[in-house]
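Working notes, beginning with the structure itself.
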Amino acid sequence: MARAAAQQLRLADVVQSWLGRPVLVIGDAMLDEWRFADSDRLCREAPAPVLTLRRRISAAGGAANTAVNIATLGGRSMLVAPVGADAPGDELHDCLDLAGVWDRTVNQLGRPTVVKRRMLAGDQILLREDSGDPDDPLSDTGVDYLLTALDCATEELRAASGGEDPTLVVCDYGLGALSAPVRAWLVAHRDRYATVALDAHDLADWRGLGPTVVTPSFAEATRLLARAGTAGLYLEYPEVDPTDGPSELTVGAAPGEAGMRRTDGPTGEPTPGESRVALTGNGLSVTGTGVTVNAEAGAGVDRALLAESRLAELRAHTGAAVVAVTLDTEGAVVGGADGEPSRSHSTPVPASHAVGAGDVYLAAMTLALAADAPLSTAAQLAQLAATSTVTSTGTCVCRREDLLARLGRPTTEGAGRQVLVGTGDLTEIVAEQRRAGRSIVFTNGCFDVLHRGHVRYLEQAQALGDLLVVAVNSDSSVRRLKGPDRPVNPVEDRTALLAALACVDHVVVFEEDSPTALIEAIRPDVYVKGGDYPPELVPEAPLVRRLGGQVRTLGYVADRSTSAIINRIRAYGQPGAPPVTGSGDPLPVTGADAPPLPGRTP
């Protein structure tokens, strides 16, 4: 018992040590969309369920989810990736902002953001619709923008960390972000990064990088060995009709041994641009890219044992110091240059619970190695982080405080008070406070440039009850409400400032233009709006009263407004502009007379 407690203490110390460690993530970013529906009947036209949409959630996916997990685990995370200049791209920016990721993505006009939409009923994924897969590689201009962003982001992280070389995470899912020029740049500038982690569908493209760690799935590892013609495996090209697709390559035991080709079983995640990945029920063979890999080289051989036996070859073919072969529900096998391979285990869960678990594993493994943790410790933490996130449906994200709690070391920051919360956590917090007899005050707004008027308004709102909840419009919502040059400050800055105010108990971000969904979820006792008009003119007033609450309007502090501050900043130094004083009077500079605010990289 004491030994286990000591081990947990050592693991927790590693988690504490990586706090604030600089990590740059580059690769294929995408948006995960989850649509939850109810179904209790079939339609007349076909034996198909009739679905009633109840809830929709968006989350960062791919390289973006890895960046989110780096941030939520406590690292200083920055993402460089091409993202479409479209609505899904806006949602992805909001997801990054909310997680505290430094968003250095590059907008690509005419190249849509990749979206994976999942429709579920009863926690079961019924279908997935993919959109935005780019058919063409990045343009030359797009590559130039990406390389510029990559170079600047590297130096920005180094400067923010006092000259410390950042860690690099490469997420290559074959969607075009990491073209040959980008790969060449990363190989040429490998010495600018202290630790390099690589997750790639095609590891052969990255041989010159010399990564610290690679994290291939079993299918990706076996495809690499098959293409390399590893000794002890034989290659067989059966005759096929070329019009049926690429020739199928069978890899297994040498002729005369106990190898058997088995390709029946559930279908897994296809690699983009490839035909299929099929895995047998007992895990003895895998098919993908026209490659079938048979793992049954003898009686009793399973995927973990096969992976262990090939770790040295995988290290040689990738140039990596560490190889971690992930085995989905069976855990992972990890090995380095020294010592015996380590094996970690996982618990089988529904497929809808495990989306993005590999991103969590990669994030935790990278942070642990960057913090100079022993390989066995890094492997334990990576598996623990991934396993702790597969308890519910959605894209997996592991928070540092949750990981520490699993290790028996709950955090005490903020005296146990978590100010910035998600909608789900907020409803639980409100229910608990209400059971304790406390009243809930709710208000919402953009809070783009926090000023004296906001602070006074929030202090007055807090005095109307026991718990003040502030809902903040996401960046995309502000743009729809205020125009393309707003917000001035991204949502992570706006929420951080609000959370620092003593009068604010909880801050939540919402994507919609109206907070009605949040109002229905938490049923506030008092709903507060700013303005000099009567409560009857507040659009949400009928809903609040129907739910049993009251509506109050509070007057603004005179001559204090976000628009006035922005106009004064824009006018500063312009010919003929009056001097800026402390009066707070707005200056009449708008429209074409106002210089544009800087935005994201075009």
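Confirm whether Asp133 is open to solvent by less than 60 Å² (accessible area, probe 1.4 Å), in contact (Cβ under 8 Å) with a residue 40 or more places away in the chain and touching a strand residue (DSSP E or B) at 6+ places or on another chain (Cβ under 8 Å). Taking the combined requirement at face value, the residue does not satisfy it. Residues that are within 17 Å of Trp18 (Cα to Cα), in contact with a Ser or Thr (Cβ under 6 Å, 6 or more places away or on another chain) and part of a loop (DSSP other than H, G, I, E, B) within the range 361-396 comprise just one, Ala371. Exactly one residue among Val106, Val143 is surrounded by 15 or more Cβ atoms within 10 Å (Cβ to Cβ) and free of Cβ contacts under 8 Å to residues at least 40 places away in the same chain, and that residue is Val143. Go through the residues of the range 152-163 one by one and say whether even a single one is surrounded by fewer than 17 Cβ atoms within 10 Å (Cβ to Cβ), at pLDDT below 90 and in a helix (DSSP H, G or I). Checking the range 152-163: at least one residue is surrounded by fewer than 17 Cβ atoms within 10 Å (Cβ to Cβ), at pLDDT below 90 and in a helix (DSSP H, G or I). The sole residue among Ala431, Ala405, Ala370 that is out of contact with any His (no Cβ under 6 Å at 6 or more places or on another chain) and in contact (Cβ under 8 Å) with a residue 24 or more places away in the chain is Ala370. Filter the range 371-385 for residues that are open to solvent by 10 Å² or more (accessible area, probe 1.4 Å) and small (Gly, Ala, Ser); which is nearest to Arg10 (Cα to Cα)? Per the stated criteria, the residue is Ala373.
Just checking, does the range 332-349 include any residue being open to solvent by 20 Å² or more (accessible area, probe 1.4 Å), of a type in the set (A, V, I, L, M) and assigned to a helix (DSSP H, G or I)? Checked the range 332-349: no residue is open to solvent by 20 Å² or more (accessible area, probe 1.4 Å), of a type in the set (A, V, I, L, M) and assigned to a helix (DSSP H, G or I).
Take the conditions (1) among the β-branched types (Val, Ile, Thr); (2) more than 21 Å from Leu547 (Cβ to Cβ); (3) crowded, with 23+ Cβ neighbours inside 10 Å; Val470 misses just one of them, which is (2). From the list Ala320, Ala307, the lone residue that is part of a loop (DSSP other than H, G, I, E, B) and open to solvent by less than 40 Å² (accessible area, probe 1.4 Å) is Ala320. Number of residues in the range 20-51 that are assigned to a strand (DSSP E or B), open to solvent by less than 60 Å² (accessible area, probe 1.4 Å) and on the phi < 0 side of the Ramachandran plot equals 13. Here Val115 meets the list (1) touching a Leu at 6+ places or on another chain (Cβ under 7 Å); (2) in a strand (DSSP E or B); (3) surrounded by fewer than 21 Cβ atoms within 10 Å (Cβ to Cβ) almost entirely, failing just condition (3). May I ask you to list the residues in the range 192-218 that are of a type in the set (Asp, Glu) and open to solvent by less than 30 Å² (accessible area, probe 1.4 Å)? Answer for the range 192-218, where residues must be of a type in the set (Asp, Glu) and open to solvent by less than 30 Å² (accessible area, probe 1.4 Å): just Asp199. Evaluate the following for Glu459: is it open to solvent by 30 Å² or more (accessible area, probe 1.4 Å) and farther than 30 Å from Trp18 by Cα? Yes: the conditions hold for Glu459. The helices (runs of 4 or more DSSP H) falling completely within the range 448-554 that include 3 or more residues that are aliphatic (A, V, I, L, M) map to 452-462, 491-499, 516-522, 541-546.
Yes/no per residue for (1) open to solvent by 10 Å² or more (accessible area, probe 1.4 Å); (2) touching a residue at least 24 places away in the same chain (Cβ under 8 Å); (3) not aliphatic (A, V, I, L, M):
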residue: Ser474; (1), (2), (3): no, yes, yes
residue: Arg480; (1), (2), (3): yes, yes, yes
residue: Val488; (1), (2), (3): yes, yes, no
residue: Val509; (1), (2), (3): yes, yes, no
residue: Ala521; (1), (2), (3): yes, yes, no
residue: Val538; (1), (2), (3): no, no, no
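Cβ-Cβ contacts under 9 Å between residues 6 or more apart (or on different chains), taken from a first residue in the range 109-124 that is farther than 14 Å from Ala59 by Cβ to a second residue that is charged (D, E, K, R) and surrounded by 17 or more Cβ atoms within 10 Å (Cβ to Cβ), are listed as Pro112/Asp86; Met119/Arg35.
For Val528, are the conditions met, namely being farther than 29 Å from His93 by Cα and hydrophobic (A, V, I, L, M, F, W, C)? In short, no.
Entry remark, the range 4-19: residues being of a type in the set (A, V, I, L, M) and either open to solvent by less than 20 Å² (accessible area, probe 1.4 Å) or in contact with a helix residue (DSSP H, G or I) (Cβ under 7 Å, 6 or more places away or on another chain) (or both) number 4 in total. Exactly one residue among Thr395, Thr391 is buried (at least 17 other Cβ atoms within 10 Å of the Cβ) and under 30 Å from Ala37 (Cα atoms), and that residue is Thr395. Of all the residues in the range 52-80, those that are at positive phi and more than 11 Å from the chain's Cα centre (by Cα) number 1. Filtered by the rule that a residue be part of a loop (DSSP other than H, G, I, E, B) and under 15 Å from Leu362 (Cβ atoms), the range 173-228 gives Tyr173, Thr195, His201, Pro211, Thr212, Thr215, Pro216.
The values are calculated or read from the model by the stated rules, or taken from the named source; none is laboratory data. All figures in this text were calculated on a predicted structure; none of them were measured in a lab. Neighbour counts are summed over all protein chains in view; Cβ atoms, including those assigned to glycine, are modelled from backbone coordinates with ideal geometry. Calculation scope for accessible area: heavy atoms of the full protein, side chains included, ligands and nucleic acids excluded. Shrake-Rupley method; radii C 1.70, N 1.55, O 1.52, S 1.80 Å.
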